[in-house]
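We did not get these values from a lab; they are worked out from the coordinates using the rules stated. Computed from a predicted model, the values in this text were never measured in an experiment. Positions of Cβ are backbone-derived with ideal geometry, glycine not excepted, and every protein chain shown enters the neighbour counts.
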There are 2 protein chains.
Amino acid sequence: MSLPVLLDHLKQTAALGQVAGLLSWDQEAMMPQRGAAQRAEQSGAMAAVLHRRNADPRIPEWIAAIDRETISPVDRCNLDEAQRAHDQATRIPPRLAEETAKAASEGQRIWVAAQAQKDFALFAPALRRMIELRREEAACLAEPGTDLYDALLDQFEPGARSAELLPLLESLRPPLVALREKIAEKTAPAALTGTFPAEAQLQLAKTVAGRIGYDFDAGRIDTVVHPFCSGTAGDVRITTRVDEADPFNCLYCTVHEVGHALYAQGAPDPFLPAADHCSMGVHESQSRFWENQIGRGRPFVDWLYPAMTDAFGALNLDGPDALYAAANRVQTGFIRTKADEVHYNLHILLRFELERELIAGTLDVDDLEETWNSRFERDFGLAVPDAGLGVLQDVHWSIGLFGYFPTYSLGNIYAACLDKAMRRDLPDRDAMVRAAETDALLEWLRDRIHTKGRLLHAPALIEQATGETPTAAPLIAYLETKFSALYDL
Amino acid sequence: MSLPVLLDHLKQTAALGQVAGLLSWDQEAMMPQRGAAQRAEQSGAMAAVLHRRNADPRIPEWIAAIDRETISPVDRCNLDEAQRAHDQATRIPPRLAEETAKAASEGQRIWVAAQAQKDFALFAPALRRMIELRREEAACLAEPGTDLYDALLDQFEPGARSAELLPLLESLRPPLVALREKIAEKTAPAALTGTFPAEAQLQLAKTVAGRIGYDFDAGRIDTVVHPFCSGTAGDVRITTRVDEADPFNCLYCTVHEVGHALYAQGAPDPFLPAADHCSMGVHESQSRFWENQIGRGRPFVDWLYPAMTDAFGALNLDGPDALYAAANRVQTGFIRTKADEVHYNLHILLRFELERELIAGTLDVDDLEETWNSRFERDFGLAVPDAGLGVLQDVHWSIGLFGYFPTYSLGNIYAACLDKAMRRDLPDRDAMVRAAETDALLEWLRDRIHTKGRLLHAPALIEQATGETPTAAPLIAYLETKFSALYDL
């Protein structure tokens with residue numbers, strides 16, 4: 001009976017992986033500053049434990065002894081995931097894993113310094129080294145003859161190939177550039193202004209989180225510098241941040257992380273790999289759906305407006321329509337994380353293009369800043385004034401995250417596909433959202449996404465959930481409709 | 001070079017042990033309730049990892065290859081501790097370890113129910129089972145011919161033997177009973193009464209913690225049901241509790257945990273076993289010293305009185321003398337955790353007597369409640385009204401903690417020894433405490449206790465620190481002097 005033995009091994013490994021995740025959460029949300037050196041040792045020791053478990057030579061023996069035809073599809077997926085983790089652990093030489101971890105830690109440190117000085121040249125050597133290491137790792141993982149970039153992408157988006165992703169994502173560019181240009185000719189609506197006390201913002205954020213289904217008995221909310229969501233099943237913690245001048249920041253950051261958390265709280269099993277999230281793109285679809293399609297949609301603002309006046313007193317905006325317009329102000333800017341829905345995917349497309357070329361070796365690091373700036377101007381119509389507002393703005397590449405950026409846009413694409421299908425299945429969707437009674441929406445996502453684990457690759461899962469092959473069309477239609485109405489295009 | 005390899009192994013094991021400690025802290029202070037089932041798996045997986053590391057067959061090989069004569073005393077201690085942990089991991093059969101863990105979890109559950117119903121008979125079978133398991137474990141660990149109880153005691157108080165502990169602890173009983181009886185004839189001073197807002201209590205507790213040297217950059221304070229201290233070196237977290245009717249509760253609980261934390265923050269190395277605390281008795285001496293000798297002493301109340309009126313407004317007690325008397329009210333009661341300094345050790349002596357007899361098999365579980373009650377009346381002069389106020393009041397035995405209780409009294413004994421020596425070395429001690437400027441006191445403890453690790457057994461460490469063999473005399477003298485003055489005996 002190799003299957004129960006393998007499954008028990010996987011379960012224990014997953015439990016230890018959750019411990020490593022808790023260490024990260026604690027480091028950002030709780031740990032005192034002088035704990036950093038010990039924490040590095042603790043995290044390193046946990047990584048070594050996990051590596052040893054994934055590299056265990058009994059894993060391929062157990063797998064070989066199991067007849068795939070006699071087991072359930074779920075267990076076939078568990079087997080595949082065990083093999084995948086084993087390959088990852090055994091194909092990458094320990095020396096390379098160590099060097100990459102060190103380069104990531106060093107790279108981030110240098111990136112912080114370079115960003116502060118807005119000087120890309122300071123960062124270039126570290127980036128070059130990281131690209132070499134990522135290419136080396138990709139070569140260890142890639143099947144012969146396949147693309148190096150795809151081997152990196154596959155870690156975040158299983159089964160995805162850039163040759164397929166490219167036309168999907170690139171199809172966003174022309175309509176988004178056109179939309180951006182049309183909006184630029186119009187006058188922006190009034191912004192929300194004032195001072196909004198942190199306590200009241202956090203209280204409102206928690207109220208919203210509870211209304212849309214976040215289970216506080218299976219999670220908690222804390223504040224950090226860079227918010228994230230961590231954990232699974234019965235213990236899914238989110239973090240948020242507060243800017244007293246901008247209540248949308250805390251609100252939509254929280255709703256975004258709650259979207260991730262709802263997916264994780266709905267996992268069908270806390271430990272089995274088959275029950276894990278389908279892909280980062282699908283994870284992002286859940287956060288974007290709640291943040292944008294729900295949170296930034298007109299129906300929700302009917303509930304939000306009185307909730308905000310209760311929380312903060314009278315606003316400078318008179319009624320839900322004005323608040324809705326303020327929450328959806330479009331402004332061409334340089335920074336991805338501050339981008340509105342119209343600009344966001346243009347930021348991603350730029351990074352996706354550049355990182356593929358960097359990994360392929362067709363773009364040299366020395367030419368990166370200039371290429372960034374010229375392509376930014378092509379898509380955004382603005383000249384980048386300095387590297388801090390350009391090529392140095394994101395942490396990702398400094399820590400070796402190549403192949404991650406496209407999952408953000410996949411999330412937006414999938415969120416729009418899901419929203420379209422949900423509106424078809426739930427004709428009262430808007431009325432429910434208007435009352436912030438969204439149980440039926442959550443149930444729809446639970447049934448079709450959250451409980452499905454990773455048995456299917458993302459496009460197949462979305463197709464199964466919606467009845468349609470995922471394309472960018474629903475996202476484009478959603479954005480064009482929404483912003484045409486808002487900006488009277 | 002076996003030594004560096006062994007030390008690296010020990011360091012990684014210690015780092016993983018700290019991760020397990022963080023899981024426990026998180027469970028009490030942060031974890032959402034629905035995370036419990038996953039946490040049990042996570043903790044179990046970590047325990048298995050730690051067990052495998054301690055049982056690693058290479059450890060005795062490494063040790064055998066090292067020439068003890070050529071290494072430092074610190075490394076000889078590291079070797080001994082590695083051997084000790086290896087013995088513990090290999091002598092106890094996995095089946096016994098599992099059964100004990102299960103019986104502890106089950107035992108605690110049954111104890112909670114029995115306590116709620118004040119019915120010892122409900123708990124007796126679980127206790128009987130736990131005693132069998134502890135005897136079995138003790139038999140695995142004990143050197144041939146030695147006492148089973150001592151094998152359990154040794155886990156908390158390395159090197160201690162009950163034959164030596166017995167006269168030391170028993171010497172407390174006659175003077176404490178006499179003191180208790182004399183005080184009982186006097187009128188108790190006025191108590192502190194009122195309502196004291198939780199926020200103000202926590203703020204005061206944090207102020208006091210900072211004044212006596214707790215490093216908030218290397219720790220944090222949270223509230224829990226049963227306070228504790230966890231961690232070491234750069235990350236030492238304490239927990240406390242608040243009762244709005246009784247500000248002494250939060251205050252002295254915090255000072256007690258800070259005492260533990262100062263010891264841990266002063267550890268000479270975060271990972272090496274030789275740098276770990278000497279014994280539970282010495283750990284408790286640090287908490288008791290700050291809680292009682294400092295916190296409940298007359299000089300500190302000169303600082304505390306205005307701090308409390310600042311925090312809470314006017315008190316019902318007029319001046320430091322009245323506050324000092326209220327903080328040291330003596331009342332014969334049934335519950336150990338609520339006991340004053342005069343009664344506390346009498347509670348411990350009762351448990352120490354009974355648990356030795358339970359492990360030796362000279363006292364049957366069926367006779368425990370009656371024996372408890374008659375001996376309690378002997379020492380306290382009160383008849384126990386029900387098991388909830390008697391034999392069912394402590395969690396310890398339900399989770400298998402036998403041999404732990406005496407460390408509380410050892411802590412009190414050692415604290416008094418240390419205070420006596422410190423007063424000799426620091427003639428301005430009272431003036432410093434009166435101003436809550438206690439850096440010199442902390443430095444004295446750092447030099448003599450905190451930085452010494454576990455190279456010496458507790459009695460030798462205390463003798464080295466104080467210049468005198470530890471006895472109960474300083475504690476008795478301290479209590480008789482203090483309470484004679486307070487109660488005009």
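Taken about its Cα centre, segment B:1-91 carries a charge dipole of about 280 debye when Lys and Arg each add +1 at the Cβ and Asp and Glu each add -1 at the Cβ.
Checking the table B:Lys11/B:Lys102; B:Lys102/B:Lys338; B:Lys186/B:Lys338; A:Lys118/A:Lys182 against a 25 Å threshold on Cα-Cα, which pairs fail?
Numbers: B:Lys11/B:Lys102 29 Å; B:Lys102/B:Lys338 30 Å; B:Lys186/B:Lys338 20 Å; A:Lys118/A:Lys182 32 Å.
Those over the limit are B:Lys11/B:Lys102; B:Lys102/B:Lys338; A:Lys118/A:Lys182.
Percent of Cα-Cα pairs more than 22 Å apart in segment B:57-152, please. Walk me through the numbers on the way to the answer.
Details: 2260 of 4560 pairs.
Considering segment B:57-152, 50 percent of its Cα-Cα pairs are separated by more than 22 Å.
Listed highest first by mean packing, meaning other Cβ atoms within 10 Å per residue, what order do A:53-63, B:338-348 come in?
Working: A:53-63: 16.5, B:338-348: 20.9.
Ranking the peptides A:53-63, B:338-348 by packing returns B:338-348, A:53-63.
How big is the shadow of the Cα convex hull of chain A, averaged over all directions, in nm²? Before the final figure, lay out each step's value.
On the way: hull surface 91.8 nm².
Result: 22.9 nm².
Distances between copies at B:Glu143, taken between label points 7 Å from Cα along the C-beta direction, are 6.4 nm in increasing order.
Charges only on Cβ, +1 for Lys and Arg, -1 for Asp and Glu: so what's the dipole of the protein assembly as shown about the Cα centre, in debye to the nearest 20? Write out the running numbers ahead of the final one.
Numbers: 96 positive and 142 negative charges, 40 e Å.
Here the protein assembly as shown has a charge dipole of around 200 debye.
When segment A:107-489 is described by a simple charge dipole with +1 on each Lys and Arg Cβ and -1 on each Asp and Glu Cβ, the residue from A:Ala142, A:Gly234, A:Ala458 located farthest towards its positive end is A:Gly234.
Normalised by residue count, the protein assembly as shown yields a Cα convex hull volume of 199 Å³ per residue. Per-residue mean of foreign Cβ neighbours for A:23-31 is 3 (Cβ atoms of other chains, 10 Å radius). Each other copy holds its own label point for A:Gln117; taking that point as 7 Å from Cα along Cα to Cβ, the gaps run 7.4 nm, nearest first. For B:Asp217, the distances from its label point to the matching points in the remaining copies are 4.3 nm, ordered from shortest, with each point set 7 Å beyond Cα toward Cβ. Computed per residue of chain A from DSSP H runs no shorter than four, each worth -39500 (n - 2.57), the mean residue ellipticity at 222 nm is -20500 deg cm²/dmol. Relative to one another, the C-alpha centroids of segment B:381-425 and segment B:439-474 are positioned 20 Å apart. Ranking B:Phe123, B:Ala151, B:Ala113 by Cα position along the charge dipole of segment B:103-181, where only Lys, Arg, Asp and Glu carry charges on their C-beta atoms, puts B:Ala113 farthest toward the positive end. Over segment A:385-436, all Cα pairs binned in 5 Å intervals from 0 give whole-percent P(r) values of 5, 15, 14, 14, 12, 10, 8, 11, 10, 2, listed from short to long. Taken over segment A:394-489, the convex hull of the Cα atoms encloses 152 Å³ per residue. Annotation: segment A:1-115 has a Kirkwood hydrodynamic radius of 16.3 angstrom, from the mean reciprocal C-alpha pair distance.
Mean partner shielding of peptide B:227-240, defined as the number of other chain Cβ atoms within 10 Å of each residue Cβ, is 3. The charge dipole of segment B:115-489, taken about the Cα centre with unit charges on the Cβ atoms of Lys, Arg (+1) and Asp, Glu (-1), comes to about 440 debye, rounded to the nearest 20.
Around B:Glu170, with a cut-off of 12 angstrom between Cβ atoms, what is the net charge of the other residues, counting Lys and Arg +1 and Asp and Glu -1?
Once all neighbours under 12 Å are counted, the net charge is -1.
Other protein chain C-beta atoms within 10 Å of residue C-beta, averaged over B:12-22: 6.
Take each complete run of DSSP H in chain B, measure how far its Cα atoms stretch along the helix's own axis, and keep only those covering 24 Å or more with mean Kyte-Doolittle hydropathy at least -1.0; list them.
On the way: long enough: B:2-29 (40 Å, 0.30); B:36-54 (26 Å, -0.59); B:73-91 (26 Å, -1.45); B:94-117 (34 Å, -0.55); B:120-141 (30 Å, 0.39); B:247-265 (26 Å, 0.27); B:341-360 (30 Å, 0.13); B:405-425 (31 Å, -0.23).
Span-like helices here: B:2-29, B:36-54, B:94-117, B:120-141, B:247-265, B:341-360, B:405-425.
Going 7 Å from the Cα of A:Glu244 toward and past its Cβ, which residues in segment A:187-219 have a backbone nitrogen under 16 Å from where you end up? Correct set: A:193-203.
The listed peptides A:429-436, B:381-388, ordered by packing as a protection proxy, come out as A:429-436, B:381-388 (highest mean of other Cβ atoms within 10 Å first).
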